[in-house]
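The values are calculated or read from the model by the stated rules, or taken from the named source; none is laboratory data. Note that the coordinates shown come from a computational prediction; the quantities given were computed from them, not determined experimentally. A quick note on method: Cβ atoms are made from the backbone with ideal geometry, for glycine too, and the neighbour counts reach across all protein chains shown. These area figures cover heavy atoms from the full protein model, side chains too; ligands, DNA and RNA do not enter into them. Shrake-Rupley method; radii C 1.70, N 1.55, O 1.52, S 1.80 Å.
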Amino acid sequence: MSDPHHDSVQAIVWREDALQLLDQRLLPQQETYLTLTEVAEVAAAIRDMVVRGAPAIGITAAYGLVLAARERYRENPDDWTVALGQDAALLLAARPTAVNLKWALARLQARVKAGIDGDPEPVLLVEAQAIHAEDVAANRHMGALGAALLSPHSGVLTHCNTGALATGGYGTALGVIRAGVAVGTIERVYADETRPWLQGARLTAWELLQDDIPVTLIADGAAALLMQQGQVHWLIVGADRIAANGDVANKIGTYTAALVARHHGVKVMVVAPTSTVDLDTPDGAAIPIEQRDAAELLRIAGAPIAPPDADAWNPVFDITPAALIDAIVTEKGVVQAPDTAKLRAMMASDSPAIATANA
Ligand code: MRU
């Protein structure tokens, strides 16, 4: 096995003054990078799932705003900031649930507000690259923190894709899994296929196998039997938004898996950087849930799997209540049995030690 600390997949690359995105719609059959130079292309890539995963779309939006700044400054070097605000709004509207998108754009806009003399592109590029690099560093730290919660010989189940494909690199929940495999506490990794986009089957299985980490794929509906048979000790997932009280929005099916986990005494770990924590959203009921086209349920890879005129309901995220979560792991530390006071204390702290102490 190669070193599981290493992740060989790169979803987002800034090269030769352009943004390159690995087209995740085509995986695992094809590894194709798209080259984007305009902000409208970046917004479309986020909306159409070329790139997905909360931290990855935040990083992508940051690079998208760099491209926008280039264009707006060329158009009007004396007054480019208002038009840039419109571009930020376009990017923000691409997907509603993942708060990392809003967080990353706000960070670049704060840089603009602080004042930039001359060409904004290099200044904003430095900020976007910092967001990208900090995400990878956060993931590696969370990997170590999360893996330390596991007992030897653990079986783990994950949902969706939270790996290098969904982040700046290494992954959140998948980062903990990489780290747990590396230190030997994880013996078996199971991945839900994750209907309807099949992020588990198409992306997580592919990404883990790229790094020689064995994984067993299951249908989403098989998770209960797997847990009933005692094969899983932790459900480890990522998040698109964590509300102030610890409720978690994540890929549709996470809530089901967490309910089943609680019934079977399986622990639930949510792994996400603080850029996913939204203290302005009091609880899960206030998190906007993205609804996508019914066609995503009626077809797979273009092939019909249901009557084309069937009605379908396609919410792509759900809310797991804080009461079902044993631990939230961020780069600032581990919050056990999360609630509003503990999450606020963790977010206010500079030191991981404060957050780990509040179990
Ligand atoms: O619709 P997606 O593929 O963007 O949904 C992704 C998820 O739900 C992930 O679990 C979440 O964004 C965390 S990724 C580190």
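Inspection of segment 94-107 identifies at least one residue that is open to solvent by 10 Å² or more (accessible area, probe 1.4 Å), basic (Lys, Arg) and out of contact with any Leu (no Cβ under 8 Å at 6 or more places or on another chain).
Scanning segment 217-233 for residues that are among the small types (Gly, Ala, Ser) and open to solvent by less than 10 Å² (accessible area, probe 1.4 Å) yields a single hit, Ala223.
The number of residues in segment 148-188 that are within 16 Å of the ligand (Cβ to nearest atom) and hydrophobic (A, V, I, L, M, F, W, C) comes to 11. If the condition is being part of a loop (DSSP other than H, G, I, E, B), within 12 Å of the ligand (Cβ to nearest atom) and open to solvent by 10 Å² or more (accessible area, probe 1.4 Å), then segment 254-293 contributes Ile289, Glu290, Arg292. Return yes when Ile236 is at negative phi, open to solvent by 30 Å² or more (accessible area, probe 1.4 Å) and either within 16 Å of the ligand (Cβ to nearest atom) or in contact (Cβ under 8 Å) with a residue 24 or more places away in the chain (or both) and no when it is not. It is false that Ile236 is at negative phi, open to solvent by 30 Å² or more (accessible area, probe 1.4 Å) and either within 16 Å of the ligand (Cβ to nearest atom) or in contact (Cβ under 8 Å) with a residue 24 or more places away in the chain (or both). Out of segment 196-212, which residues are modelled with pLDDT under 95 and either under 17 Å from His233 (Cα atoms) or out of contact with any His (no Cβ under 9 Å at 6 or more places or on another chain) (or both)? Of everything in segment 196-212, those that are modelled with pLDDT under 95 and either under 17 Å from His233 (Cα atoms) or out of contact with any His (no Cβ under 9 Å at 6 or more places or on another chain) (or both) turn out to be Gln210, Asp212.
Within segment 298-312, the set of residues being open to solvent by 50 Å² or more (accessible area, probe 1.4 Å) and either in a helix (DSSP H, G or I) or in contact (Cβ under 8 Å) with a residue 24 or more places away in the chain (or both) comprises Ile300 only. Number of residues in segment 9-39 that are assigned to a strand (DSSP E or B) and either buried (at least 19 other Cβ atoms within 10 Å of the Cβ) or in contact (Cβ under 8 Å) with a residue 60 or more places away in the chain (or both) equals 6. Looking only at segment 40-79, which residues are more than 16 Å from the ligand (Cβ to nearest atom) and open to solvent by 20 Å² or more (accessible area, probe 1.4 Å)? Once the filter is applied, which keeps residues that are more than 16 Å from the ligand (Cβ to nearest atom) and open to solvent by 20 Å² or more (accessible area, probe 1.4 Å), segment 40-79 yields Ala40, Glu41, Arg70, Glu71, Arg72, Tyr73, Arg74, Glu75, Asn76, Pro77, Asp78, Asp79. When you look at Ala249, is it of a type in the set (Gly, Ala, Ser), away from the ligand (no atom under 12 Å from the Cβ) and assigned by TED's automatic domain parsing to the domain that holds Leu174, yes or no? Spelling it out, it is not the case that Ala249 is of a type in the set (Gly, Ala, Ser), away from the ligand (no atom under 12 Å from the Cβ) and assigned by TED's automatic domain parsing to the domain that holds Leu174.
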